[in-house]
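Down below is the structure, laid out as structure tokens.
The values are calculated or read from the model by the stated rules, or taken from the named source; none is laboratory data. Predicted model only: the values in this text are computed from it and were never measured. Every residue, glycine among them, receives a Cβ derived from its backbone with ideal geometry; neighbour counts consider all protein chains shown.
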Number of protein chains: 2
Amino acid sequence: MLLPHVRIVLVGTSHPGNIGAAARAMKNMGLTSLHLADPQAPFPSPEASARASGADDVLERASVHRGLGEALAGCGYALGLSARLRSLPWPVVEPREAAVRALQKAQAAPVALVFGREKSGLSNDELARCQALVHIPANPDYSSLNLAMAVQIMTYELRLASRESLPESTAREDFPPATLEDMEHFYNHLESAMVGAGFLNPDNPRHLMRRLRRLYNRAQPDQNELSILRGILSALAPDAWPPRGRESGGPAR
Amino acid sequence: MLLPHVRIVLVGTSHPGNIGAAARAMKNMGLTSLHLADPQAPFPSPEASARASGADDVLERASVHRGLGEALAGCGYALGLSARLRSLPWPVVEPREAAVRALQKAQAAPVALVFGREKSGLSNDELARCQALVHIPANPDYSSLNLAMAVQIMTYELRLASRESLPESTAREDFPPATLEDMEHFYNHLESAMVGAGFLNPDNPRHLMRRLRRLYNRAQPDQNELSILRGILSALAPDAWPPRGRESGGPAR
């Protein structure tokens, strides 16, 4: 697991609540290494601990540094978060690409993600210590994210990148799908019930059965769901099955 | 732009700060429609406004509802955030896929992303109103994200998805999707018919309604299909609607 080799560096943070919220966001995504450079808020602080919720361990192991250089000690690569376009063009990546790159680099040496001050971000000198900048896509009319939110987005992308492959869906299936024959029995049952109730005129079906087939085929009922549907029909229209004038269960239409 | 057609619904929120932080996260990503169902915190509140930072306009236009059903009024599709695995398997997607799907559905009618209570999430009945659940990948040992952080991740994915060109919906749609209110009327009608026929014991429902919800939510009937289903019920069980002991058409369960 490479996530422990990615360091979150917060520079000049003013609000202790943001430090706590960042710790929680990190732990939620499996990161543990928090470094504070020149925090403007007292640290440790009760407010940080309160916002950290169950992530006190991340806070307790956080280290406090004088200056960004000290916080980057031991790292082989740094990415700086920046909301603003800089006068000096610098490589800029989005969070998704930044996460992949950070994990690639973390195979060799620890990597730092550097987050600036709440009001003013990172200075140009601080940005220049980073190999690339990360720009989080945002509403151009209101683009400044809360500090801990930016940490959450980056750590979320790191977690996704740390997985080999994304599963299509995690839905568990508890029953096998209904067979097509069973679906035919159901359609016959349904048609018979509708004819019996006078809802469907067998001489003028007006696409009704086709519409119902499209609906239920889209749903692809499993075997249990299909028995429920059959049970409902039997309860509501006890005389509908087997259909009159046709052999029981025979395929039709 | 489809983002304004995606509604953020917060159910039973306890902490006003989370409402404010969610509003800021929304505006950062270009969303504007905030709906609060049964907020446990006083609203409006100074704490919410403080955390909203410059997103007061989102807070000011937020609407407060009694119950999730009211908050979903007008929507055609709902996704529920859930950290837990549920006793009844329900389709589960990750945020990235959920965002693409939400924007596809938002082309036809407003879409809701539903976030539960800070401590206990969404109830099973609330989840059963959603077509699919969203699971945010997280550290299995510490998986519960702060509410506003979950809103931030989802709105971030929505913004990314809104930049991509959306695949055309594959099915030809000749009728607009049934609204979620109409689906509730149908479920009430179906339940009433099943109770009337002795198929469903109202004192021992055994997940039956939830299973049926899962089935029909998967099918996502259009308005025409839903009228056919209602017509079948009326024909088979003429006494089932309006349900006895309940006002006609009122949302329930």
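A few notes on this one:
- Only one of the listed residues (A:Glu60, A:Glu118, A:Glu97) is under 30 Å from B:Asn18 (Cα atoms) and in contact with a Ser or Thr (Cβ under 6 Å, 6 or more places away or on another chain). That residue is A:Glu118.
- Any hit, the stretch A:198-209, residues being surrounded by fewer than 20 Cβ atoms within 10 Å (Cβ to Cβ), among the hydrophobic types (A, V, I, L, M, F, W, C) and under 42 Å from the mean Cα position of the chain (by Cα): yes
- Summed over the stretch A:57-82, residues that are surrounded by fewer than 17 Cβ atoms within 10 Å (Cβ to Cβ) and either assigned to a loop (DSSP other than H, G, I, E, B) or within 26 Å of the chain's Cα centre (by Cα) (or both) total 7.
- Among the residues of the stretch B:117-126, not one is surrounded by 24 or more Cβ atoms within 10 Å (Cβ to Cβ) and either within 14 Å of another protein chain (Cβ to nearest Cβ) or closer than 23 Å to B:Arg51 by Cα (or both).
Residue-wise test of (1) in contact with a strand residue (DSSP E or B) (Cβ under 7 Å, 6 or more places away or on another chain); (2) polar (S, T, N, Q); (3) assigned to a strand (DSSP E or B).
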site	(1), (2), (3)
A:Ala50	no, no, no
A:Pro89	no, no, no
A:Lys105	yes, no, no
A:Val114	yes, no, yes
A:Asn139	no, yes, no
A:Tyr142	no, no, no
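- Residue in the stretch B:20-31 that is touching a helix residue (DSSP H, G or I) at 6+ places or on another chain (Cβ under 8 Å) and at pLDDT below 95 present: no
- A:Ile136 passes every criterion in (1) among the β-branched types (Val, Ile, Thr); (2) more than 9 Å from chain B (Cβ to nearest Cβ); (3) within 24 Å of A:Leu3 (Cα to Cα) apart from (2).
- Residue within the stretch B:191-211 that is facing chain A (nearest Cβ under 10 Å), under 25 Å from B:Ala108 (Cβ atoms) and in contact with a helix residue (DSSP H, G or I) (Cβ under 6 Å, 6 or more places away or on another chain) present: no
- Checked against the criterion of being at pLDDT 80 or above and within 30 Å of B:Pro137 (Cα to Cα), the candidates A:Asp203, A:Asp222 yield just one match: A:Asp222.
- The stretch B:219-228, subset assigned to a helix (DSSP H, G or I) and at the interface with chain A (Cβ under 8 Å from one of its Cβ atoms), residue surrounded by the most Cβ atoms within 10 Å (Cβ to Cβ): B:Glu225
- Per the listing A:Glu168, A:Glu164, the residue uniquely out of contact with any Pro (no Cβ under 8 Å at 6 or more places or on another chain), modelled with pLDDT under 85, away from every other protein chain (no Cβ under 11 Å) and closer than 26 Å to B:Val134 by Cβ is A:Glu164.
- The stretch B:97-110 residues that are within 14 Å of another protein chain (Cβ to nearest Cβ), paired with ones that are part of a helix (DSSP H, G or I) and not charged (D, E, K, R) (beta carbon under 6 Å, 6 or more apart): B:Ala99/B:Leu158; B:Ala99/B:Ala161; B:Val100/B:Ala161
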